[in-house]
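The values are calculated or read from the model by the stated rules, or taken from the named source; none is laboratory data. Values in this document were obtained by computation on a predicted structure and should not be read as measured data. Positions of Cβ are generated from backbone atoms using ideal geometry, with glycine treated the same way; all protein chains shown enter the neighbour counts. Side chains are part of the model used for accessible areas, which takes the heavy atoms of the whole protein and leaves out ligands, DNA and RNA. Shrake-Rupley method; radii C 1.70, N 1.55, O 1.52, S 1.80 Å.
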Amino acid sequence: MELIDLRSDTVTKPAVAMRRAIYDAEVGDDVMGEDPTVNRLEAYAADLLGKESALFVATGTQGNLLSVLSHCERGDEYIAGGQSHLYRWEAGGSCVLGGVYPQPIDFESDGTLDLAKVQKAIKPDDSHFAKTKLLALENTQGGKALPLDYLKKASLFAKSHKLHTHLDGARLFNAAVASGVPARELARLFDSVTFCLSKGLGAPVGSLICSHKEFVIKARRLRKMVGGGMRQAGILAAAGLFALENNIDRLSEDHQNAAHLAQKLLELKPLQGKVRVHTNMVFVEVGANGASTMPTFFQSKGILILGSEVLRLVTHLDVSRQGIERVVEAFQAYYGPQNDTNAHSSARSIY
């Protein structure tokens, strides 16, 4: 029985064609700037996002860290969402390693930050306060693609308040595909952008920082400082190049599979009104009992999920439509006679 892993889109395995690209990669010493495959990847990524330059880094966390430290000095402050990856899930790196203070703000329901709240959080020019230097946004946020109009307003707002802007675009291409807006158009509104190769794009490792040349030069020095200089990294970069060249447009399949899964789950009586879907993420309210019992039950069906009162089920290139149908059958089996497959929730329940 084929294993279906819905825990994250980071769990994908390199396909045969990607493994061939890795095997055939031309390599050199990247710390010396001599790895041709890394150089091609960085040039390709910069062009893709309409930036002057790019830097290949090991992880999205490292990319965000280097970006914050390139924008800010010790004693400065950045503003970000209170549930953002940059603030909540990266071990406080910018504070610990760079002395940069975070100012978290609650996300709105659509994944944006209320700019009026951001304005109130900006510190006055006073020796009592940290200097507010950076506004960091996240796209997608909880699977939600941020509206282009909002991003334009946020960019203008930041400029008017003399703030730098950084976009944690770990799933930037999911946002671009879902909104029908080219990634370049989304990226141009920010001074720096990071995106992951190892999420929905299917590469085994790696992220990119994209910005202007001087910024990337500074980030490259910081990458060396935190131990991120890699040698024959073309082996990894080859997978990233393959991912960018082949796996962006197909993200729409993941979104379609997520929407299909959400619609099927809404047909189960116990889940009516308890399912949401954004891009490649389906959120299912199952409560404390579901959080404790569902992971083991689903594992017995060959399906991996993370236990939580609100399940996050993430579709990706290793989950087919047939796999989605198996997941639906597992939910049907879990809820048993409580099911009422004739009771269909309105599609408006999915958002």
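Data table
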item: Which listed residue is in contact with a Ser or Thr (Cβ under 8 Å, 6 or more places away or on another chain), surrounded by 15 or more Cβ atoms within 10 Å (Cβ to Cβ) and part of a loop (DSSP other than H, G, I, E, B), from His255, His316; result: His316
item: Residue within the stretch 285-306 that is under 21 Å from the mean Cα position of the chain (by Cα), surrounded by 20 or more Cβ atoms within 10 Å (Cβ to Cβ) and either in contact (Cβ under 8 Å) with a residue 40 or more places away in the chain or closer than 28 Å to Ala43 by Cα (or both) present; result: yes
item: Hey, Arg40 in contact with a Leu (Cβ under 8 Å, 6 or more places away or on another chain), under 22 Å from Ser211 (Cα atoms) and among the basic types (Lys, Arg) or not; result: yes
item: Residues being under 20 Å from Arg231 (Cα atoms), open to solvent by 30 Å² or more (accessible area, probe 1.4 Å) and of a type outside the set (Ser, Thr, Tyr) - total across the stretch 37-52; result: 3
item: Selection from the stretch 1-18 of residues that are farther than 16 Å from Phe195 by Cβ, open to solvent by 60 Å² or more (accessible area, probe 1.4 Å) and touching a residue at least 40 places away in the same chain (Cβ under 8 Å); result: Met1, Glu2, Leu3, Arg7, Lys13
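Table: residues versus (1) open to solvent by 40 Å² or more (accessible area, probe 1.4 Å); (2) among the basic types (Lys, Arg); (3) in contact with a His (Cβ under 7 Å, 6 or more places away or on another chain); (4) in a strand (DSSP E or B).
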{"residue": "Gln103", "(1), (2), (3), (4)": "yes, no, no, yes"}
{"residue": "Gly111", "(1), (2), (3), (4)": "no, no, no, no"}
{"residue": "Asp125", "(1), (2), (3), (4)": "yes, no, no, no"}
{"residue": "His128", "(1), (2), (3), (4)": "yes, no, no, no"}
{"residue": "Leu134", "(1), (2), (3), (4)": "no, no, yes, yes"}
{"residue": "Leu146", "(1), (2), (3), (4)": "no, no, no, no"}
